[in-house]
Amino acid sequence: MFPFCIYYNLHFALYKSACLMLVLHYLKAVELTRMISLSSCTGAFLFYYFTGIVNWGIAIPVSLGSIAGSFLGLKIIPHIQTKWIQIILPIIFLFLIVQVVTDLIQ
């Protein structure tokens, strides 16, 4: 019984450390993704701002909608089952593809 307890405790400790490493890697990946996104968006904004191409009538509502959507999404996503996300997400992508193609055709 004693060797099994040692094996079990060692296995559990390794499992806990592996889970901790995965969480830390995930958090680091999220941090890096946000940093890259921030720098990319800032660079694009500065380029368009200094060239005078920014349409403020579109930029402000889109920015506010993006901020509101991200906060709303963070609140809603824990309550949605994975099955529904797997169904809804491809449908949204399909609509976006159709919209882009119809805009290109016109």
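The values are calculated or read from the model by the stated rules, or taken from the named source; none is laboratory data. Computed from a prediction, not measured in an experiment: that's the story for all the values here. Remember, those area values only see protein heavy atoms, side chains included, never the ligands or the DNA or RNA. Shrake-Rupley method; radii C 1.70, N 1.55, O 1.52, S 1.80 Å.
Expressed as a whole number of Å, what is the distance separating the alpha-carbon centroids of region 57-106 and region 25-49?
Taking the Cα centre of region 57-106 as reference, the centre of region 25-49 is 19 Å away.
So, for region 44-92, what is the accessible surface per residue at a probe of 1.4 Å, expressed in square angstrom? Present the calculation step by step, with values, prior to reporting the outcome.
Details: 4290 Å² over 49 residues.
On a per-residue basis, 88 Å².
So what's the Cα pair-distance distribution over region 44-106, bin width 5 Å, in %?
With a bin width of 5 Å, the distribution comes to 3, 13, 11, 16, 21, 16, 11, 6, 2, 0.
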